[in-house]
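Data first, discussion second: the structure below is written as structure tokens.
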Amino acid sequence: HTVGIIGAPFWKGQPKDGVEKGPDLIRSAGLVENLKGQGCSVRDYGNLKFENVPDDEPFGKVQRPRSVGRANKQLADAVHAIKNDGHTCVMLGGDHSLAIGSILGHAASHRELCVVWVDAHSDINTPLTTPSGNIHGQPVSFLIRELHPKIPVMPGFSWIKPCISAQDIIYIGLRDVDPEEHYILKYLGIKYFSMTEVDHLGIAKVMEETCDHIFSKVKRPIHLSYDIDALDPSVSPATGTPVVGGLTYREGIYITEQICQTGMLSALDLVEVNPKIGRTDEEISSTAKAAVDVILGCFGRLREGSHNPDYCLP
Ligand code: ARG
Ligand code: MN
Ligand code: MN
Ligand code: MN
């Protein structure tokens with residue numbers, strides 16, 4: 001594997017201070033060293049720098065649209081470049097509004113991609129249904145062609161054109177979905193495995209059906225968008241919108257092992273790690289370690305262990 005890492009220290013898709021510290025926290029928990037140690041070649045492209053956008057007045061309820069639009073354009077260009085360099089792209093967030101730029105940048109070089117969205121939330125509010133005004137609860141709505149007629153023209157967003165169809169995204173881990181979002185999921189027939197399905201089927205069957213769904217015609221590149229709040233808050237408490245009853249550590253890692261197994265992982269987002277929300281050092285380090293382990297699982301780490309093929313017993 002060759003991995004290209006891009007840090008996006010951006011928080012303006014939500015109101016809580018600290019999520020911009022996610023990329024450096026995940027790096028300091030040993031991401032690059034561990035990836036190299038499992039045989040990946042890694043290029044770290046560093047962190048993007050986001051300039052302040054003055055006079056970023058709300059658009060209706062929606063907060064900081066120009067800042068979010070501009071940051072995502074920078075990210076889309078960076079992800080496109082990393083894909084053109086031939087790497088599997090790893091985007092470290094930052095809040096989940098960054099999936100807009102990450103997925104659009106990925107789609108600019110891989111038109112046929114599909115999206116696996118692992119999250120407690122469906123993040124599919126439109127600017128008109130959002131209860132909070134936070135764009136991290138809306139990224140998917142800008143990406144789906146079928147929703148385009150329902151998306152108002154927002155300042156900073158004119159460059160954004162949808163790049164996937166409703167059948168090209170699948171959710172795992174849902175347990176906090178707003179009524180308007182639930183309507184959209186049902187109305188567009190979007191495939192999802194909420195925590196109820198994880199409980200009912202078990203994570204192994206969920207991943208089997210996930211692969212059947214995304215590869216129903218041909219195998220195609222996967223964009224895995226992994227919100228750390230998909231995991232139970234007992235595992236990853238340092239995040240802005242924790243929800244009880246989440247994926248266990250084992251379920252969360254099993255997802256990555258199966259995605260890796262497909263051989264089709266093309267880009268990964270790891271978002272919503274917020275060190276300022278951890279109440280103790282232990283809460284922060286447990287969240288950071290979970291984030292690193294999710295990424296390592298995506299790039300071939302096996303819980304059974306592994307060895308170099310040329311190893312000889314002494
Ligand atoms: N559904 C809520 C909203 O629209 C919460 C979204 C949480 N999203 C996230 N990326 N953590 O604001
Ligand atoms: Mn291109
Ligand atoms: Mn979430
Ligand atoms: Mn999310």
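The values are calculated or read from the model by the stated rules, or taken from the named source; none is laboratory data. Note that the structure is a prediction, hence the values are computed from the model and not measured. Every residue, glycine as well, gets a Cβ built from its backbone with ideal geometry; the counts of neighbours run over all protein chains shown. Surface accessibility is based on the protein's heavy atoms, side chains included, excluding ligands, DNA and RNA. Shrake-Rupley method; radii C 1.70, N 1.55, O 1.52, S 1.80 Å.
Cβ separations smaller than 6 Å between residues 6+ apart or across chains give the following pairs from segment 1-22 residues that are within 19 Å of Asp77 (Cα to Cα) to residues that are in a strand (DSSP E or B) and among the β-branched types (Val, Ile, Thr): Val3/Val42; Val3/Thr88; Val3/Val90; Ile5/Val90. Tell me, yes or no, whether segment 13-24 has at least one residue that is farther than 26 Å from Leu174 by Cα, basic (Lys, Arg) and open to solvent by 10 Å² or more (accessible area, probe 1.4 Å). No, segment 13-24 contains no residue that is farther than 26 Å from Leu174 by Cα, basic (Lys, Arg) and open to solvent by 10 Å² or more (accessible area, probe 1.4 Å). Please verify whether Asp232 is within 13 Å of ligand 3 (Cβ to nearest atom) and either within 25 Å of Leu104 (Cα to Cα) or open to solvent by less than 10 Å² (accessible area, probe 1.4 Å) (or both), treating the condition exactly as stated. In short, no. Condition first: among the aliphatic types (A, V, I, L, M), within 13 Å of Gln63 (Cβ to Cβ) and away from ligand 3 (no atom under 15 Å from the Cβ). Now tell me which residues in segment 116-164 satisfy that. Met154 - this is the single residue of segment 116-164 that is among the aliphatic types (A, V, I, L, M), within 13 Å of Gln63 (Cβ to Cβ) and away from ligand 3 (no atom under 15 Å from the Cβ). Scanning segment 166-210 for residues that are on the phi > 0 side of the Ramachandran plot and surrounded by 14 or more Cβ atoms within 10 Å (Cβ to Cβ) yields one hit, Gly173. The single residue among His213, His223 that is within 17 Å of Trp117 (Cβ to Cβ) and open to solvent by 40 Å² or more (accessible area, probe 1.4 Å) turns out to be His213. List, please: which pairs have Cβ atoms under 6 Å, are six or more places apart or on different chains, and start with a residue in segment 267-292 that is within 16 Å of ligand 2 (Cβ to nearest atom) and end with one that is in a helix (DSSP H, G or I) and not polar (S, T, N, Q)? Partner pairs satisfying both residue conditions: Ala267/His106.
With respect to Tyr183, determine if the residue is among the hydroxyl-bearing types (Ser, Thr, Tyr) and in contact with a strand residue (DSSP E or B) (Cβ under 8 Å, 6 or more places away or on another chain). Taking the combined requirement at face value, the residue does not satisfy it.
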